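Only one structure is covered here, and it is reproduced in the block below.
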Amino acid sequence: MASLGELVKVIAQSLVNDPDSVEVKEIQGEHSIIIELKVAPEDTGKVIGKQGRTAKAIRTIVRTAAIKQNKKVMVEII
């Protein structure tokens, strides 16, 4: 099974103009996972979307995938 970080990376790469600049850092905790997503400055708006809708959708997809692992996930766009 692919990691949640890889899922975020695939989604982000499909949204941005510069897919090579997408960086994902996954920080594992005992009961939670923090995923840090970093994209090129000019692509930040594409990942966040209007009124944060795209970012919210990414977080929803990842949280749903994390339910199978019994973990809480937080996606941070930096």
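The values are calculated or read from the model by the stated rules, or taken from the named source; none is laboratory data. The shown structure was predicted, so the numbers you read here are calculated from the model rather than taken from an experiment. Please note: Cβ atoms are built from the backbone with ideal geometry, for glycine as well, and neighbour counts cover all protein chains shown. Just the protein is used for accessible areas: all its heavy atoms, side chains included, with ligands, DNA and RNA removed. Shrake-Rupley method; radii C 1.70, N 1.55, O 1.52, S 1.80 Å.
Some observations on this one:
- Sum of side-chain charges, residue 21 neighbourhood, beta-carbon under 11 Å (Lys, Arg +1; Asp, Glu -1): -4
- Placing a label point 7 Å from the Cα of residue 23 along the Cα-to-Cβ direction, the residues of the stretch 43-78 whose backbone N falls under 20 Å from that point are 43-48, 74-78.
- Surface analysis of the chain yields an accessible area of 67 Å² per residue, using protein heavy atoms and a 1.4 Å probe.
- Sites residue 64 and residue 14 - FRET efficiency at Förster radius 22 Å, r taken between beta-carbons, to 0.05: 0.80
- Neighbours of residue 70 by Cβ distance under 14 Å: Lys/Arg scored +1, Asp/Glu scored -1, total +3.
- Normalised by the number of residues in the stretch 1-75, the mean separation of alpha-carbon contacts (under 8 Å, six or more apart) gives a relative contact order of 31 percent.
- Burial ranking of peptide ranges 24-34, 6-16 (average Cβ count within 10 Å, highest at the top): 6-16, 24-34
- 3J(HN,Hα) from dihedral phi, the stretch 10-22, Karplus parametrisation 6.51/-1.76/1.60, rounded to Hz, x for glycine, proline: 4, 4, 5, 5, 6, 9, 9, 7, 10, x, 6, 8, 6
- Estimated from helices alone, the mean residue ellipticity of the chain at 222 nm is -12000 deg cm²/dmol (sum of -39500 (n - 2.57) over DSSP H runs with n ≥ 4, per residue).
- Sulfur and carbon atoms: percent of accessible area, the chain [1.4 Å]: 54 percent
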